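Data first, discussion second: the structure below is written as structure tokens.
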Amino acid sequence: MSKKIIALIILVFLAGGALTVWHFWRSDPAAAAEEFLRQVAAEDFSGIEKHFGEDQAHPDAAQLREAFRRFGDSFMLSEIKLANLSPQSRGSQEAVFDLALAYHSRHFPPLEIETELVLKRSSIFAPWRIVWKDNLPLPASGVEASYELSRLEPRRAEIRDRNGNLLAGEGSAVAVGVQPDRISDPERLLQALQQELGLDPDYVRGQYERTDIQGHWFLPLVKLAEEEYLEVESLLRPIPGIFFRRETSRAYPFADSCAHLTGYLGEVTGELMEAYPQRDYQSGEAVGRSGLEASRDDFLRGRPGYRFYAQPSGGERVLISEKPVRLGADLNLTIDGKMQDLAFKILEGRMGALAVLEADSGAVLALASAPSFDPNEFSLGIGSRRWQELSTDLKKPLFNRALQGLYPPGSVFKVVTAAAALDQGLYEAGSVFTDTGRLRVEGNIIRNFQEEVFGEHTLHTALVQSINTTWAQVGLDLGAPLLEEYFRRWNLDQSWPLGLAMREGQLGSPGRSKVGLAWSAVGQDQVLLTPLHLAQVFSVFANQGRLAPLHLWEQEELGEEKVVIKPETAAVINAMLRDAVLSGTGTQARVPGLEIYGKTGTAEAVGGGVHAWFAGHTQLPSGLNLAFALLVEEGGIGGQTAAPLIAAFLSELIR
């Protein structure tokens, strides 16, 4: 054999070896692994069988799709990410990788799994294929595993007053229902349920004759409060087929007296679920629908927790991941439950409101609004007829007059005009005026109440006797800009973040005319305030000219006090307010043992009618400084209607 032939043979062998080495390194198993994992991460299993060897057992696309669907539904899967793919070993026909996948969830923290991914090929010229190890979606469970998502509901927290008394919390109710296969005398049963509970016989019969029920089921018909249950239990229990079941229920021990504060629970709406996806509401769940139950719903309710389980085919269920329940937190109010209850009872039979503040701190002690409603009705399941009655009642029992009612304050507002004039040095308490019973302003005549004439008098007397003509003149001398400034100083143009809907006060446009300014100075024209605003006004006089930030719950971080008027201005006004009760328009507010500072108001409402007001402040024997405002809608004369009610309220407080 010639040297050339030998050299050629050697060259062929070397070339073949080089080709083999080149093909070995060119065909990268990592590329095949990454392509497979890209489909898994995208949950796109169409044609995924191409990644497996034909001679090896493996799931098909439908099996993988179903396995990841079951896993994803229970884990609330949002995304799959490749966390790691690093070579562990590689031979000519087998490659092993360390694999880590991160499963992201809408509920759980990311779940990272670690496993091996093995690839093989039949020869160095063949493509790399996945060797199925039944380790996806989860390594220990495999493709045939089942999964379970367990929701853990938080216990709704309580609302309590400043003394720890329960305003809203867990109570019990009794469900009255029937068991179809125990009904032996239908007519007797239907008659008794109609007579004692007002249930329509057709409704009851329709419930137990449904074709989709079983005879031994308990079919609830209505929920009763414990006291209602005690009234009918002995009458209904002997009737075959009627049964009772006690259930937990949201309870409101103070019922209608605190209803506008606590609000009530109702079934969650689609709008709420869409507006607050982070709260993870569930269809049919009872959530806050009004009052603090609604505005502090997330705080009181907490957030549900979850547990995610995997169960391999034929194996035991294993807890894989858990999201703890976020417990609701109790809401501790500044409200004094007994004072709130008393305030509501004082208003009984009337339309009105009574707001009471702790003047030094700004804590809201009572916010009563009448008429009202019983939030326990909503817990028991309010019917459409009853809801219609409440929502269309002309007396508006669902309306919170203490915070949402805007009313002309009338003569009570004269204290703001007086304080502004004194604070600016325009007048002194002894400044002298002469009253003829009338004040003509641009052709408009302002008269005193019942057209009284007071003749020569001081500024002090003008407030004690509530002389309209004098305060209209003071308002004109003060001017609209300063009246507006003091309105703002008192924060009367603002609402407070109490967690309850509150209207902002309105001064209107007193500068548009002298007539408008004169009537604004005596609390008429366009001036509108809530009862809480007026309690706020008098808290400044009780607190040496400072306004403490109003607040309703103890967890709040409060702002700083605000200086509204000089301490000496507050002292001068207080002397006037004291005499208004001792010898002026507010004598019917006197209470033995208390020094009461107050002002009456008789305000003409737009469209007719006269509202009765009394607002003021006092210190109780306990040392508690109260500022308050009481309104009776269309109550007539403030000194004759509102003042005696305040006297009754304060007398009961110190008993």
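With (1) in contact with a strand residue (DSSP E or B) (Cβ under 9 Å, 6 or more places away or on another chain); (2) touching a residue at least 60 places away in the same chain (Cβ under 8 Å); (3) closer than 30 Å to ALA368 by Cα as the list, and ILE446 as the residue in question, which single condition is left unmet? It is condition (3) that ILE446 fails. Total residues in the range 158-182 satisfying the condition of being closer than 17 Å to LEU292 by Cβ, part of a strand (DSSP E or B) and open to solvent by 30 Å² or more (accessible area, probe 1.4 Å): the figure is 3. The lone criterion from (1) touching a residue at least 24 places away in the same chain (Cβ under 8 Å); (2) in a loop (DSSP other than H, G, I, E, B) left unmet by ILE130 is number (2). When we screen GLU348, GLU358, GLU377 for residues that are open to solvent by 10 Å² or more (accessible area, probe 1.4 Å) and farther than 17 Å from ALA255 by Cα, the only hit is GLU358. Exactly one residue out of LEU193, LEU152, LEU166 is touching a helix residue (DSSP H, G or I) at 6+ places or on another chain (Cβ under 9 Å) and farther than 19 Å from ASP374 by Cα: that is LEU193.
Each row is one residue, and each column tells you yes or no for (1) more than 21 Å from LEU630 (Cα to Cα); (2) under 30 Å from the mean Cα position of the chain (by Cα).
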{"position": "PHE449", "(1), (2)": "no, no"}
{"position": "TYR486", "(1), (2)": "yes, no"}
{"position": "MET502", "(1), (2)": "no, yes"}
{"position": "LEU532", "(1), (2)": "no, yes"}
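Among the residues of the range 183-201, the ones that are under 18 Å from ARG385 (Cα atoms), open to solvent by less than 70 Å² (accessible area, probe 1.4 Å) and in a loop (DSSP other than H, G, I, E, B) come to 2 in all. Would you call ASP44 at negative phi, surrounded by fewer than 17 Cβ atoms within 10 Å (Cβ to Cβ) and part of a loop (DSSP other than H, G, I, E, B)? Taking the combined requirement at face value, the residue satisfies it.
The residues of the range 535-554 that are in contact with a helix residue (DSSP H, G or I) (Cβ under 9 Å, 6 or more places away or on another chain) and modelled with pLDDT under 95 amount to a single one, TRP553. The single condition from (1) over 21 Å from ASP360 (Cα atoms); (2) open to solvent by less than 40 Å² (accessible area, probe 1.4 Å); (3) under 29 Å from the mean Cα position of the chain (by Cα); (4) not hydrophobic (A, V, I, L, M, F, W, C) that GLY479 fails is (3).
Scanning the range 74-109 for residues that are in contact (Cβ under 8 Å) with a residue 40 or more places away in the chain, open to solvent by less than 50 Å² (accessible area, probe 1.4 Å) and closer than 22 Å to ALA145 by Cα returns SER74, PHE75, MET76, ILE80, LEU99, LEU101, SER105, HIS107, PHE108. Scanning the range 218-232 for residues that are crowded, with 16+ Cβ neighbours inside 10 Å and in a helix (DSSP H, G or I) returns GLU228, TYR229, VAL232.
Listed by position, the helices (runs of 4 or more DSSP H) enclosed by the range 240-329 that each have at least 3 residues that are buried (at least 19 other Cβ atoms within 10 Å of the Cβ) are 259-262, 291-295, 297-301.
Can you confirm whether the range 564-581 contains a residue that is closer than 16 Å to ILE637 by Cα and either open to solvent by 20 Å² or more (accessible area, probe 1.4 Å) or touching a helix residue (DSSP H, G or I) at 6+ places or on another chain (Cβ under 8 Å) (or both)? Yes - at least one qualifying residue is present in the range 564-581. Inspection of the range 48-65 identifies no residue that is farther than 30 Å from TYR147 by Cβ, surrounded by 17 or more Cβ atoms within 10 Å (Cβ to Cβ) and touching a strand residue (DSSP E or B) at 6+ places or on another chain (Cβ under 8 Å). Residues that are surrounded by fewer than 18 Cβ atoms within 10 Å (Cβ to Cβ) and farther than 27 Å from PRO304 by Cα within the range 136-157 comprise PRO139, ALA140, GLU144, listed in sequence order. If the condition is being open to solvent by 30 Å² or more (accessible area, probe 1.4 Å), among the aromatic types (Phe, Trp, Tyr) and touching a helix residue (DSSP H, G or I) at 6+ places or on another chain (Cβ under 6 Å), then the range 423-456 contributes only TYR427. What do you reckon, is TRP490 in contact with a Pro (Cβ under 9 Å, 6 or more places away or on another chain), buried (at least 21 other Cβ atoms within 10 Å of the Cβ), touching a residue at least 60 places away in the same chain (Cβ under 8 Å) and not small (Gly, Ala, Ser)? Criteria not met by TRP490.
Is there a residue in the range 411-422 that is touching a helix residue (DSSP H, G or I) at 6+ places or on another chain (Cβ under 9 Å) and open to solvent by 20 Å² or more (accessible area, probe 1.4 Å)? The answer is yes, given that some residue of the range 411-422 is touching a helix residue (DSSP H, G or I) at 6+ places or on another chain (Cβ under 9 Å) and open to solvent by 20 Å² or more (accessible area, probe 1.4 Å). Has the range 509-524 got at least one residue that is open to solvent by 50 Å² or more (accessible area, probe 1.4 Å) and not in a helix (DSSP H, G or I)? Yes. Considering the range 330-345, and only residues there that are touching a strand residue (DSSP E or B) at 6+ places or on another chain (Cβ under 6 Å) and more than 21 Å from ARG301 (Cβ to Cβ), the residue that is surrounded by the most Cβ atoms within 10 Å (Cβ to Cβ) turns out to be ALA343.
The values are calculated or read from the model by the stated rules, or taken from the named source; none is laboratory data. Nothing here was measured: the structure is a model prediction, and the numbers come from that model. Positions of Cβ are generated from backbone atoms using ideal geometry, with glycine treated the same way; all protein chains shown enter the neighbour counts. Note: areas computed on protein heavy atoms with side chains; ligands, DNA, RNA excluded. Shrake-Rupley method; radii C 1.70, N 1.55, O 1.52, S 1.80 Å.
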